[in-house]
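The structure appears right after this line, and notes come after that.
The values are calculated or read from the model by the stated rules, or taken from the named source; none is laboratory data. Since the model is a prediction, treat every value here as computed from it, not as a measurement. Virtual Cβ from ideal backbone geometry, glycine too; neighbours counted across all protein chains shown. Note: areas computed on protein heavy atoms with side chains; ligands, DNA, RNA excluded. Shrake-Rupley method; radii C 1.70, N 1.55, O 1.52, S 1.80 Å.
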Amino acid sequence: MFLRTHKGIALVALASLSQMACYNTYTISNQELAKLESSVEPVEVVEVLADCQPTGQASLEGMDGEALAQVDAEPNAEATATDAGAQDPNCVVVPVSTVNALSVLTTDGTRERVTPFNFVMDDVQLVSPEYDLLIELDNVAGAEVREFSTWKTVATIAGVSLVAIGTFVGISVLAPDEQSFE
């Protein structure tokens, strides 16, 4: 019975891991999350910058207009992620539509599911009526976008098929010869 339970747990773990392998997961900032709210002009697909790595310079977030103008005047100043677009080598451009899974990351480490283009962010809070979600923006650390990966899905299906075929071939080769009824 004990061995049977472990086999069942291993099978469930393998099945869940194969489903997770079908997606690429990217982390986006609050500014990129704001591009995906419902008050934005409706577009079928919105490209956001994800997995941006810090370049070592101070962030331009929270600077007043005078400080931003001073940074813009410097020739080596870093551009914001939204201005840099695909030029920033530290970011990945991810196309997001309503079929992408989107989870809001909070400062306490939890994830809250929202649907792209079906939530509202204002100066104080994020509201998602579909999931009865109300979070203060001070508690939002960013979001995770999941994108379907065709190649990972094909590799998962091919791997599972090879394991199944290998199992049947192994059983056929290793099985003892049976004597027929005479």
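A few notes on this one:
- Flag for residue 68 being at pLDDT below 55, more than 24 Å from residue 152 (Cα to Cα) and not in a helix (DSSP H, G or I): no
- Condition check for residue 62: modelled with pLDDT under 80 and part of a helix (DSSP H, G or I): no
- Criterion (surrounded by 12 or more Cβ atoms within 10 Å (Cβ to Cβ) and either of a type in the set (S, T, N, Q) or at pLDDT 90 or above (or both)) met by exactly one of 93, 124: 93
- Of all the residues in segment 106-137, those that are over 16 Å from the mean Cα position of the chain (by Cα), part of a strand (DSSP E or B) and under 21 Å from residue 44 (Cβ atoms) number 3.
- Condition check for residue 172: of a type in the set (Ser, Thr, Tyr) and either under 23 Å from the mean Cα position of the chain (by Cα) or open to solvent by 100 Å² or more (accessible area, probe 1.4 Å) (or both): no
- Any hit, segment 147-168, residues being surrounded by 12 or more Cβ atoms within 10 Å (Cβ to Cβ), in contact (Cβ under 8 Å) with a residue 60 or more places away in the chain and part of a strand (DSSP E or B): yes
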